[in-house]
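Asker: Dropping a structure here in structure tokens format, bear with me for questions.
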Amino acid sequence: MGPTDRASSSLQGKIAIVSGAGSGVGRAMAKMFADNGCNVVAVDVIPARVSGVVEEIVGGGKKASGMVLDLSVGGDVDKMIEGTLRSFGRIDILCNNAGIMDGARPVVDTPDDVWDRVMSVNLVAPFRASRRAIPSMIEHGGGVILNTASLAGVFGARAGAAYTVSKHGLIGLTKNIAASYGKDGIRCNAIVLGAVQTAIGVGSADPNPRGMENLNKTMATLPRVGDPAEVASVALFLVSQESRYLNGSCVVADAGWGAY
Ligand SMILES: NC(=O)c1ccc[n+]([C@@H]2O[C@H](COP(=O)([O-])OP(=O)(O)OC[C@H]3O[C@@H](n4cnc5c(N)ncnc54)[C@H](O)[C@@H]3O)[C@@H](O)[C@H]2O)c1
């Protein structure tokens, strides 16, 4: 039995929430987790995306259900956890993946509504979901939390102010959860992404020129853009027992971009 088979066997029947499962990285994670035995709860704000990913997984003979929720709203984050507990009785894996960008706006050009929305989706929702899920995970002997972070959570010029702060915060949240609840059987890690081919930039406002000037300098060293499936296979390792010695880790998946 190789590592992939062992990862797969450790995931059979696990209840796995994936937020932002309707597109890009989350969609690839949801499919990869379901293909490896998880019963996936796919959460997204766009109804057609939720039905699309659930139909694809179930159509392939694997297990998934969906919830349409706006995770910028605290009550909806609670519904994600409570609804899953009501339906399945436990949560084995919580993948806080939903995220939005900020138009590369630096501080002076960041209005309150952009700051608040980016923080609420990228940072407050993972905090709130973890706060509600951890007691139940502990009650059931443990669990795994995986947060989707970014090189913008490690460096200062990969995005605007709100996104950069939200992802730095998410990495802090990851480490604090790991340190606080590792002894209770909770593992919390982050996957730190470089540039992945997804819909995240589509439809966003015109990027800020000052922010783009910074970003373009870093883009010059980008080795290549990743495919969501390449990220999902790292996520599979991180939610499986194959990574049982990892807790509070920030695993960089970026083709070496952060090495520059
Ligand atoms: N694509 C990249 O280059 C890149 C780089 C670094 C980090 N990331 C992170 O990866 C994660 C996934 O992003 P992606 O690139 O797959 O983008 P994406 O836009 O393709 O997918 C994100 C999904 O999250 C959903 N979502 C957005 N706001 C939501 C809300 N309020 N409630 C519920 N769902 C919501 C969207 O509808 C979408 O389906 C994000 O956290 C993002 O910050 C992406």
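Asker: Which ones in region 178-235 are surrounded by 14 or more Cβ atoms within 10 Å (Cβ to Cβ) and β-branched (Val, Ile, Thr)?
Answerer: ILE186, ILE191, VAL192, VAL196, THR198, ILE200, THR218, VAL231, VAL234 - these are the residues of region 178-235 that are surrounded by 14 or more Cβ atoms within 10 Å (Cβ to Cβ) and β-branched (Val, Ile, Thr).
Asker: Could you list, in sequence order, all residues of region 140-156 that are more than 8 Å from the ligand (Cβ to nearest atom) and of a type outside the set (Val, Ile, Thr)?
Answerer: HIS140, GLY141, GLY142, GLY143, LEU146, ASN147, GLY153, PHE155, GLY156
Asker: Let me ask something else about it. Taking region 111-128 only, how many residues are under 12 Å from the mean Cα position of the chain (by Cα) and among the aliphatic types (A, V, I, L, M)?
Answerer: 3
Asker: Does region 246-253 contain any residue that is on the phi > 0 side of the Ramachandran plot and either within 16 Å of the ligand (Cβ to nearest atom) or not in a strand (DSSP E or B) (or both)?
Answerer: Checking region 246-253: at least one residue is on the phi > 0 side of the Ramachandran plot and either within 16 Å of the ligand (Cβ to nearest atom) or not in a strand (DSSP E or B) (or both).
Asker: Sticking with this one: Could you tell me which of the residues VAL18, VAL40 is farther than 17 Å from VAL196 by Cα, within 14 Å of the ligand (Cβ to nearest atom) and not in a helix (DSSP H, G or I)? If you could, list the steps in order and put the result at the bottom.
Answerer: Details: VAL40 fails: within 14 Å of the ligand (Cβ to nearest atom).
Of the residues listed, the single one that is farther than 17 Å from VAL196 by Cα, within 14 Å of the ligand (Cβ to nearest atom) and not in a helix (DSSP H, G or I) is VAL18.
Asker: Going by what's in this entry, would GLY201 be described as of a type outside the set (A, V, I, L, M), at pLDDT below 95 and in contact with a Pro (Cβ under 8 Å, 6 or more places away or on another chain)?
Answerer: For GLY201, the condition - of a type outside the set (A, V, I, L, M), at pLDDT below 95 and in contact with a Pro (Cβ under 8 Å, 6 or more places away or on another chain) - is not met.
Asker: Condition test on SER204, is it part of a loop (DSSP other than H, G, I, E, B), out of contact with any Ser or Thr (no Cβ under 9 Å at 6 or more places or on another chain) and closer than 20 Å to LEU123 by Cα?
Answerer: Yes, satisfied.
Asker: Let me ask another. With (1) farther than 27 Å from GLY22 by Cβ; (2) in contact (Cβ under 8 Å) with a residue 24 or more places away in the chain as the list, and GLN197 as the residue in question, which single condition is left unmet?
Answerer: If we test GLN197 against (1) farther than 27 Å from GLY22 by Cβ; (2) in contact (Cβ under 8 Å) with a residue 24 or more places away in the chain, just (1) comes out false.
Asker: Considering only residues of region 184-226 that are within 23 Å of the chain's Cα centre (by Cα) and charged (D, E, K, R), which is nearest to GLY169 (Cα to Cα)?
Answerer: Out of the qualifying residues, it is ARG187.
Asker: Pick out the one residue from VAL58, VAL41, VAL54 that is under 17 Å from the mean Cα position of the chain (by Cα) and of a type in the set (A, V, I, L, M, F, W, C). Give the steps one after another, and end with the answer.
Answerer: Details: VAL58 fails: under 17 Å from the mean Cα position of the chain (by Cα); VAL54 fails: under 17 Å from the mean Cα position of the chain (by Cα).
Only one candidate qualifies: VAL41.
Asker: Shifting gears a bit: Quick one: how many residues across region 191-213 are out of contact with any Leu (no Cβ under 7 Å at 6 or more places or on another chain), more than 6 Å from the ligand (Cβ to nearest atom) and not polar (S, T, N, Q)?
Answerer: Selection size over region 191-213: 11.
The values are calculated or read from the model by the stated rules, or taken from the named source; none is laboratory data. On a predicted model such as this, the values are computed, not experimentally measured, just so you know. Positions of Cβ are backbone-derived with ideal geometry, glycine not excepted, and every protein chain shown enters the neighbour counts.
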